[in-house]
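Derivation of every value follows stated rules applied to the coordinates shown; laboratory data play no part. No experiment lies behind these values; they were computed from the predicted model shown. Positions of Cβ are generated from backbone atoms using ideal geometry, with glycine treated the same way; all protein chains shown enter the neighbour counts.
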């Protein structure tokens, strides 16, 4: 298994190989702010079993490129609450917005951006991108997860067992980082898995999608299905589910492309 392989960009069925992340690449991206629309706000929406700190490696890159960045903290109690939280965060932004969702966060941005004139694009990072009437449970079967992987607290909320977090969620992240992500994880209400999505914003807006080829949480084939469904400009990374942590440079570049409306 290649954990830090090359980056592949797919647009109009063309595949181009690009270089993997490096300190120099990060510097180049951060220095490209003059080429980006600095008035674009970037709102980052995490998924289940992480929190806003999962974007910590991307935020400095995006800010150095001249963008205002907001990392939302979802309550993960219900889809309605999560959508409302994102909408309140968007109200803090002055000007156009690129919405970015990781994992379940993609489900949230699909609904939060619908009919919002300030949102100019959607970026999905190994994320759910449902059509109307679809739910997380249509694509994610918790019964197929390893025994003991999920732990239920007294309120019925689900945590990932910290002893299995690294190998299942973030296998290409070093053990120290994976332990921190596991420690700060936010529990998810299992009822959100059955909630139906409303009219999808991706039918109204340009989209970008990052597929994690070594994802153990959402099957890569399902991610490719989402990317095709939403007609997204797509990149593929040799990454775990935790691509914002293991491949921040490549993910940041995809987001910056979205701020420019670039499909290349």
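Figures for the structure shown
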quantity	calculated
Protection proxy ranking, peptides 135-146, 108-119, 246-257, 185-196, average beta carbon neighbours within 10 Å, highest first	246-257, 108-119, 185-196, 135-146
Per-peptide average of other Cβ atoms within 10 Å, ordering 97-106, 198-207, 45-54, 148-157 highest first	97-106, 45-54, 198-207, 148-157
Label assignment, Cα Rg over 2.2 N^0.38 Å derived from the structure, set [x] 0.98; [y] 0.92; [z] 1.08	[y]
At R0 = 45 Å, FRET efficiency that the Cβ-Cβ distance of residue 162 and residue 204 yields, to 0.05	0.70
Residue 194-residue 87 FRET efficiency (beta carbon distance; Förster radius 25 Å; 0.05 resolution)	0.70
Net lengthening on full extension, residue 137/residue 64 (0.36 nm per residue, minus Cα-Cα)	22.5 nm
Pairwise FRET efficiency - residue 39 versus residue 147, Cβ, R0 = 51 Å, nearest 0.05	0.55
Cα gyration tensor shape for the stretch 114-251, rounded if a/c is under 1.5, else prolate or oblate	oblate
Distance (nanometres) between label positions extended 7 Å along Cα→Cβ at residue 221 and residue 176	3.9 nm
